[in-house]
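Asks: Pasting in a structure now, in structure tokens, and then I'll have a few things to ask.
The values are calculated or read from the model by the stated rules, or taken from the named source; none is laboratory data. All of these numbers come straight from a predicted model, not from anything done at the bench. Here the Cβ is made from the backbone with ideal geometry for all residues, glycine too, and neighbour counts use every protein chain on show. Note: areas computed on protein heavy atoms with side chains; ligands, DNA, RNA excluded. Shrake-Rupley method; radii C 1.70, N 1.55, O 1.52, S 1.80 Å.
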Amino acid sequence: MSTLDLAPGRQHVIVFSHPNHELAVFGLLQRLRPQLVYLTDGGGAARVGETCLGLERIGLRQQAHFLNFSEQSLYDALLAGDIGFYRDIAARVGERFEALKPQQVFCDAVEFYNPLHDMSLPIVFAALRDRAAAVFEVPLVHQRAGAVEAYDVQRMPPSRRAGEVEMPLSERELAAKLAARAQGYALLQAQMGPVLAGLPQAHLAIEVVAPAPPELPAPGPDCVLRYEWRAQRLLARGEIGQAITYADHFLPLAASLVGQA
């Protein structure tokens, strides 16, 4: 199992699918001073702007690199099974890795909540190729098994919790995180406000990462395929014409991307 190195420096790179995800590990960012790569615009320039302001607060704005793929383009490529599109993204990330030569890479965890979050890990695996680096997943949110609209935030699901690495924040790190959350990230609050508002300070004061397994994680017994569940509701309301599924869309493309097909 990989050992988490908390020494600051350019040997750390964090790859997020969307802007605003950095708030989940705002303390880790302060401690590691990493380079950051964002795959998408998160739906528009406003979300990128919020992330830039948040990173500016802790002196990391100049260490953020935005690939600025549109969020919709990644969804469309998943539906189309467009492996070439995702290989292009991985190549762009690989260029950053070649320049930075990271010893540790962090990315969104595979949680089956949002397929673009889940694509971060196969993109990182493909971008690293033969480069030696420890890879860690950053948990964001997953739907609880047996529950409707109930979520665990910034913790791994029960079946993978034994591998979590917990990092207690210092008072200064926590204060900066709470200030950033209170004074910015309006779009994130609008989208996830009820879930985030229920997090006690003691929860926010401990950040979690987990060593990535050597192969893509598969849904466990405690897993809810939340994006499939939500897509069925949207289909029933006529709001979308086609649903992204794990078996038909995510898995074939992700497995092909990392050579596990």
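Asks: Could you please find all residues in the stretch 1-52 being more than 25 Å from PRO213 (Cα to Cα), within 14 Å of the chain's Cα centre (by Cα) and among the acidic types (Asp, Glu)?
Replies: ASP41
Asks: So, in the stretch 179-192, of the ones that are among the small types (Gly, Ala, Ser) and either in a helix (DSSP H, G or I) or open to solvent by 60 Å² or more (accessible area, probe 1.4 Å) (or both), which residue ends up nearest to VAL48 (Cα to Cα)? Reasoning before the result, please.
Replies: Taking the stretch 179-192 and keeping what is among the small types (Gly, Ala, Ser), we get 179-180, 182, 184, 186, 190.
From the residues that got through so far, the ones that are either in a helix (DSSP H, G or I) or open to solvent by 60 Å² or more (accessible area, probe 1.4 Å) (or both) too are 179-180, 182, 186, 190.
On the way: ALA179: 19, ALA180: 15, ALA182: 17, ALA186: 12, ALA190: 15 Å.
Taking the candidates together, the pick is ALA186.
Asks: Restricting the search to the stretch 134-146, which residues are in contact (Cβ under 8 Å) with a residue 40 or more places away in the chain and either open to solvent by 20 Å² or more (accessible area, probe 1.4 Å) or assigned to a helix (DSSP H, G or I) (or both)? Quick ask: steps written out before the conclusion?
Replies: Here is the first cut: in the stretch 134-146, the ones in contact (Cβ under 8 Å) with a residue 40 or more places away in the chain are 134-145.
Across the stretch 134-146, the qualifying residues are ALA134, ARG144, ALA145.
Asks: On to the next question. Taking the stretch 231-258 as the search range and keeping residues that are among the aliphatic types (A, V, I, L, M) and exposed (fewer than 11 other Cβ atoms within 10 Å of the Cβ), which one is modelled with the highest pLDDT? Break it down into steps so the answer makes sense when it comes.
Replies: So the first thing to find is which residues in the stretch 231-258 are among the aliphatic types (A, V, I, L, M), and the list is 231, 234-236, 240, 243-244, 247, 251, 253-255, 257-258.
Now narrow it down to the ones that are exposed (fewer than 11 other Cβ atoms within 10 Å of the Cβ): 236, 247.
Values: ALA236: 89, ALA247: 95.
It comes out as ALA247.
Asks: Considering only the stretch 153-166, state which residues are surrounded by 18 or more Cβ atoms within 10 Å (Cβ to Cβ) and not in a helix (DSSP H, G or I). Quick ask: steps written out before the conclusion?
Replies: Initial filter on the stretch 153-166 (surrounded by 18 or more Cβ atoms within 10 Å (Cβ to Cβ)): 154-157, 160.
Matches in the stretch 153-166: GLN154, ARG155, MET156, PRO157.
Asks: May I ask you to verify whether ARG92 is over 12 Å from the mean Cα position of the chain (by Cα) and free of Cβ contacts under 8 Å to residues at least 60 places away in the same chain? If you could, list the steps in order and put the result at the bottom.
Replies: Values: over 12 Å from the mean Cα position of the chain (by Cα): yes; free of Cβ contacts under 8 Å to residues at least 60 places away in the same chain: yes.
Against the criterion (over 12 Å from the mean Cα position of the chain (by Cα) and free of Cβ contacts under 8 Å to residues at least 60 places away in the same chain), ARG92 qualifies.
Asks: Counting only residues that are acidic (Asp, Glu) and farther than 24 Å from ALA132 by Cβ, which one in the stretch 193-229 is least open to solvent (accessible area, probe 1.4 Å)?
Replies: We begin by selecting, within the stretch 193-229, every residue acidic (Asp, Glu); these are 207, 215, 222, 228.
In the following step, the residues that additionally are farther than 24 Å from ALA132 by Cβ were identified as 207, 222, 228.
Values: GLU207: 8, ASP222: 28, GLU228: 49 Å².
Across the stretch 193-229, the extreme among qualifying residues is GLU207.
Asks: Next question. Take the residues in the stretch 45-78 that are small (Gly, Ala, Ser) and open to solvent by less than 20 Å² (accessible area, probe 1.4 Å); name whichever of them is farthest from ARG172 (Cα to Cα). Break it down stepwise before answering.
Replies: Here is the first cut: in the stretch 45-78, the ones small (Gly, Ala, Ser) are 45-46, 49, 54, 59, 64, 70, 73, 77.
If we keep only those that are open to solvent by less than 20 Å² (accessible area, probe 1.4 Å) too, we end up with 54, 64, 77.
Values: GLY54: 16, ALA64: 22, ALA77: 42 Å.
Once the filter is applied, the top-ranked residue is ALA77.
Asks: Where residues in the stretch 33-42 are surrounded by fewer than 24 Cβ atoms within 10 Å (Cβ to Cβ) and out of contact with any Phe, Trp or Tyr (no Cβ under 8 Å at 6 or more places or on another chain), which of them is farthest from GLY59 (Cα to Cα)?
Replies: GLN35
Asks: Consider ARG172 carefully, then state whether it is within 25 Å of LEU6 (Cα to Cα), out of contact with any helix residue (DSSP H, G or I) (no Cβ under 7 Å at 6 or more places or on another chain), part of a helix (DSSP H, G or I) and open to solvent by 30 Å² or more (accessible area, probe 1.4 Å).
Replies: Working: within 25 Å of LEU6 (Cα to Cα): yes; out of contact with any helix residue (DSSP H, G or I) (no Cβ under 7 Å at 6 or more places or on another chain): yes; part of a helix (DSSP H, G or I): yes; open to solvent by 30 Å² or more (accessible area, probe 1.4 Å): yes.
The answer is yes for ARG172.
Asks: Would you be able to tell me the number of residues in the stretch 1-23 that are within 19 Å of LEU188 (Cβ to Cβ) and open to solvent by less than 10 Å² (accessible area, probe 1.4 Å)? First the steps, then the outcome.
Replies: Start the filter on the stretch 1-23 by keeping residues that are within 19 Å of LEU188 (Cβ to Cβ), which leaves 14-23.
Among the residues that remain, those that are also open to solvent by less than 10 Å² (accessible area, probe 1.4 Å) are: 14-20, 22.
Result for the stretch 1-23: 8.
Asks: Failed condition for ILE14, given (1) among the β-branched types (Val, Ile, Thr); (2) part of a helix (DSSP H, G or I); (3) touching a Pro at 6+ places or on another chain (Cβ under 8 Å), with all others met?
Replies: Every listed condition holds for ILE14 apart from (2).
Asks: What residue, of ALA162, ALA175, is farther than 29 Å from GLY44 by Cβ, modelled with pLDDT of 90 or more and out of contact with any strand residue (DSSP E or B) (no Cβ under 8 Å at 6 or more places or on another chain)? Before the answer, list the steps.
Replies: Working: ALA162 fails: modelled with pLDDT of 90 or more.
Criteria check complete, one pass: ALA175.
Asks: Answer with yes or no whether ARG155 is closer than 25 Å to ALA7 by Cα and without any contact (Cβ under 8 Å) to a residue 40 or more places away in the chain. Explain how you work it out, then say what you get.
Replies: Numbers: closer than 25 Å to ALA7 by Cα: yes; without any contact (Cβ under 8 Å) to a residue 40 or more places away in the chain: no.
No.
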